[in-house]
Amino acid sequence: MADKTVRHSQYNYKSNSNLVLPTNSSLSDQHKPNKSTGEVQSLAENLKNFRMGDRVQHTRPESIN
């Protein structure tokens with residue numbers, strides 16, 4: 001019974017609320033090329049050859065026809 005209470009107490013919020021887990025620094029130091037840096041990037045060049053609304057189709061519901 002005591003073993004059960006010890007096992008249960010390790011998951012209490014109070015004991016885990018201030019717990020800081022260390023990260024594996026070898027994995028976090030590798031910068032992925034697609035990872036966001038937080039720097040603002042313009043989308044103007046990506047949208048230069050794209051017209052907004054070109055694929056819009058105006059249709060009427062069959063119940064109105």
Q: Name every residue in region 34-50 that is at pLDDT 80 or above and among the basic types (Lys, Arg), in order of residue number.
A: Lys48
Q | Among (1) at pLDDT below 80; (2) under 23 Å from the mean Cα position of the chain (by Cα) - the single one Ser9 does not satisfy | A | (2)
Q) Which members of region 12-33 meet the condition of being modelled with pLDDT of 75 or more and hydrophobic (A, V, I, L, M, F, W, C)? A) Leu19, Val20, Leu21
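The values are calculated or read from the model by the stated rules, or taken from the named source; none is laboratory data. Please read these numbers as outputs of a predicted model, since none were measured by experiment.
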